[in-house]
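The values are calculated or read from the model by the stated rules, or taken from the named source; none is laboratory data. What you see is a predicted model; the values in this text were computed from it and never measured. All Cβ positions, even for glycine, are placed from backbone atoms using ideal geometry, and neighbour counts span all protein chains on display.
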Amino acid sequence: MDIKLSSNSETRTTDNAPGGTLDEVRSAFLRHSTSKIQSVEDLAHISSLGFRGEALSSIAAVTRTELITKPQDQELGAKYVIEGGKEVSLEETGAPNGTTFLIRQLFYNVPARRKFLKTPMTEAGHVQDLLMRLSLSHPEVAFQFINNGQEKLRTSGNGSLKDVIYNVYGRDVAANLLEMEFEKGGLKISGYLGKPVITRGNRNFENFFVNGRYVKSPMISKSLEDAYRDFVMQHKFPFAVLHFHISGEEIDVNVHPTKMELRFQKQQEVYNTVYGCTPHAAGAGADPQGRGAGSCRCPEDLGKSLPLKAESSC
Ligand SMILES: Nc1ncnc2c1ncn2[C@@H]1O[C@H](COP(=O)(O)OP(=O)(O)OP(=O)(O)O)[C@@H](O)[C@H]1O
Ligand SMILES: [Mg+2]
């Protein structure tokens, strides 16, 4: 992703994913059109990040958008130009495999809305945050983010979450991580926790992903912070990148307009697991309520990094 944000904003997003054909292009831009749902049952099992079919139509309505896409097995690709929601052209073109969206002049036709954009620096920061989260949620995908010609982020796509954490947060954070892995019943948690030496004055270091999607969860935050309470100073928050894998039927993702928050059916179980599996709970030893029970692989150097009072129960 390559962005230049100014009064003539321009963002270019290129991928080498399967791409689309000429006759699919128009429908992709229709409101509420999605290729991700074939049957009603799919709604309960959606594993992709989006399925509302709003992104392309909304973007095209308020920008000058150009799409070039080509599937691997086709000789020629398609180029589609759509401005302010109106089709300008659709034609065949030579193109590399994959898809490029060139999106220019955001809100050019909605000046009132354009006034509410923050400074290019702030908006670029939001884009970078998003790219950071996408990278952390998909270590198997290589991401590159360029802002005003300067590379701000690059990940290799080698599948290692730890490498992505290094790319995103740098050496100091990457050198102070504790691995976490838990699986029990339908719940799987994996990822990294920061040793108490790396904390923040806000929750920006708390990254939670549920089935690949970045979420804010006051409940998960609380369980993590409760577990760290004895080990970090007041008003400091731990570092975490935790991936939750949970059956789609046990969560409701449609409780928030941008799907940023979700509802867990088994709130208490998730709370207990995170609390139980983090270092503090390990230090608490065998817990009468069985916190942390399950196949929880706790960090090896846990005892050294935290002032544990009891043997690890994990
Ligand atoms: N980069 C891409 N490569 C190939 N096809 C794409 C790409 N982006 C969008 N599409 C196609 O266009 C359709 C509509 O895209 P759009 O982003 O509007 O909806 P969606 O991804 O299904 O859901 P959401 O609105 O939640 O993003 C997608 O379902 C997909 O088939
Ligand atoms: Mg989409």
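A few comments on the model shown:
- Single residue of segment 96-117 satisfying the filter (among the charged types (D, E, K, R) and within 17 Å of Glu10 (Cβ to Cβ)) that is farthest from ligand 1 (Cβ to nearest atom): Arg114
- Residues that are among the small types (Gly, Ala, Ser) and within 19 Å of Asp2 (Cβ to Cβ) within segment 78-123 comprise Ala95, Gly98, listed in sequence order.
- Of the strands (runs of 3 or more DSSP E) lying entirely inside segment 89-156, not one contains at least 2 residues that are within 30 Å of Gln72 (Cβ to Cβ) and more than 23 Å from the chain's Cα centre (by Cα).
- Selection of segment 194-237 for residues being in a loop (DSSP other than H, G, I, E, B) and within 23 Å of Ile251 (Cα to Cα) yields Asn211, Gly212, Lys216, Ser217.
- For segment 33-54, the set of residues classified as surrounded by fewer than 13 Cβ atoms within 10 Å (Cβ to Cβ), modelled with pLDDT of 80 or more and within 8 Å of ligand 1 (Cβ to nearest atom) consists of Ser35 only.
- Thr93 satisfies every condition listed in (1) hydroxyl-bearing (Ser, Thr, Tyr); (2) farther than 19 Å from His126 by Cβ; (3) within 11 Å of ligand 1 (Cβ to nearest atom); (4) surrounded by 13 or more Cβ atoms within 10 Å (Cβ to Cβ) except (3).
- Neighbours by Cβ (under 7 Å, 6+ apart or cross-chain): first from segment 259-274, under 22 Å from Leu193 (Cα atoms); second of a type in the set (Ser, Thr, Tyr): Glu261/Ser217; Tyr271/Ser223; Val274/Ser223
- Failed item, numbered, when Lys4 is tested on (1) within 25 Å of Asn148 (Cα to Cα); (2) within 16 Å of ligand 2 (Cβ to nearest atom); (3) under 26 Å from the mean Cα position of the chain (by Cα): (2)
- Top-ranked residue of segment 228-244 - restricted to ones that are among the hydrophobic types (A, V, I, L, M, F, W, C) and free of Cβ contacts under 8 Å to residues at least 40 places away in the same chain, ranked as farthest from Lys195 (Cα to Cα): Met233
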